[in-house]
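Read the figures in this text as sums done on the coordinates, not as results from a lab. Remember, it's a predicted structure, so these values are computed and weren't measured experimentally. Glycine gets a Cβ as well: all are built from the backbone with ideal geometry, and neighbour counts include every protein chain shown.
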Amino acid sequence: MSGWAIAVHGGAGVDPNLPPHRQQEAKQLLTECLNLGISALRSNASALDVVELVVRKLETDPLFNSGRGSALTAKGTVEMEASIMDGTKRRCGAVSGVSTVKNPISLARLVMEKSPHSYLAYTGAEEFAREQGVETEDNEYFITPDNVGMLKLAKEANTILFDYRIPTEKCAGTESPVKMNGLPLSIYAPETVGCVVVDSQGRCAAATSTGGLMNKMSGRIGDSPLIGAGTYACEVCGVSCTGEGEAIIRGTLAREVAAVMEYKGYELQQAVDFVIKDRLDEGFAGLIAVSNKGEVAYGFNCNGMFRGCATENGFMEVGIWE
């Protein structure tokens with residue numbers, strides 16, 4: 001085997017005017033997540049355990065849009081979703097519409113390991129969470145003052161916002177070429193967190209978690225919980241996507257990376273570059289990926305992507321922009 005590798009992301013599509021202190025906070029959290037994953041990998045943890053561990057940390061910190069700090073629906077509530085996939089046997093689990101589960105990624109893993117299904121949503125997912133005894137919180141735990149203020153601005157602008165980490169004066173009335181299913185969005189900003197890992201035994205895993213879009217319709221489901229769209233892992237690679245969910249779904253983006261590696265013989269970075277360039281149509285997105293050879297790669301076609309990556313040979317990088 002070629003050694004372990006890990007990559008983590010905190011969303012693609014970064015406001016170029018994001019304040020420096022926000023950028024530093026993001027880099028610090030990504031570095032902490034990488035170090036957490038690296039420590040576990042050095043202790044011979046499996047790829048599956050590591051992606052769950054890292055995404056749990058991201059869900060607990062309100063900086064990015066998952067778990068605590070999730071974006072709000074038009075009703076002012078939180079509806080979270082997550083998925084996880086073990087590439088060894090293509091096992092997967094996913095949840096949508098959870099509003100009280102502290103760590104949706106762990107519930108997704110329980111769906112994979114403790115239920116006969118691959119995907120549970122809304123009341124069914126909440127009931128399953130209670131049966132499994134997972135940690136829960138009142139919906140208010142996930143709501144931050146920033147989210148409440150951003151939802152108000154979104155409603156005033158009559159638009160959907162990808163996230164809240166942007167100076168508030170930029171929200172209302174801002175023109176943008178970014179569209180979702182042909183409808184204009186006034187802000188394109190980071191959303192979704194994810195982690196991909198290949199361990200020392202060459203096993204790949206991927207995990208993705210999100211609160212979705214600010215001011216989204218209640219019941220909206222994005223790419224993050226959809227296996228093959230926002231998340232995918234197999235014997236060859238592990239992939240986690242972020243960005244315009246509807247475009248990622250249409251392009252089955254995560255699976256497409258694996259497909260061109262399997263059927264075209266592409267190397268990892270070549271596959272990532274091809275998918276970002278040729279499978280997003282007019283959508284904006286990014287992704288992180290690892291291969292069973294211990295390689296790590298990422299790509300995006302927007303202003304930036306919060307990401308970090310590391311390999312067993314000592315390489316480590318944390319960045320936002322190109």
Amide proton proximity set for Ser240, modelled H, under 5 Å, gap of 5+: Ile288
Helix-derived mean residue ellipticity, 222 nm - over the chain, DSSP H n ≥ 4, -39500 (n - 2.57), to 500: -10000 deg cm²/dmol
For region 225-322, the Rg and Dmax computed from alpha carbons only, in angstrom: 12.5, 37
Relative packing of peptides 50-59, 16-25 - highest average C-beta neighbours within 10 Å first: 50-59, 16-25
Spatially proximal aspartates and glutamates relative to Lys27 (Cα-Cα < 14 Å; intrachain offsets below 8 disregarded): Asp61, Glu317
The chain: DSSP helices with Cα axial extent of at least 30 Å and average Kyte-Doolittle hydropathy no lower than -1.0: 20-42
Alpha-carbon Rg/Rh ratio, for the chain, with Rh computed the Kirkwood way: 0.94
Other-chain or far-sequence residues with amide H under 5 Å of Gly299's (modelled H): Leu287
Over 28 Å (Cα to Cα) - which of Lys89/Lys216; Lys114/Lys277; Lys89/Lys264 fall in this group: Lys89/Lys216; Lys114/Lys277
Cα centre as origin, Lys/Arg/Asp/Glu Cβ charges: the chain dipole, Debye: 220 debye
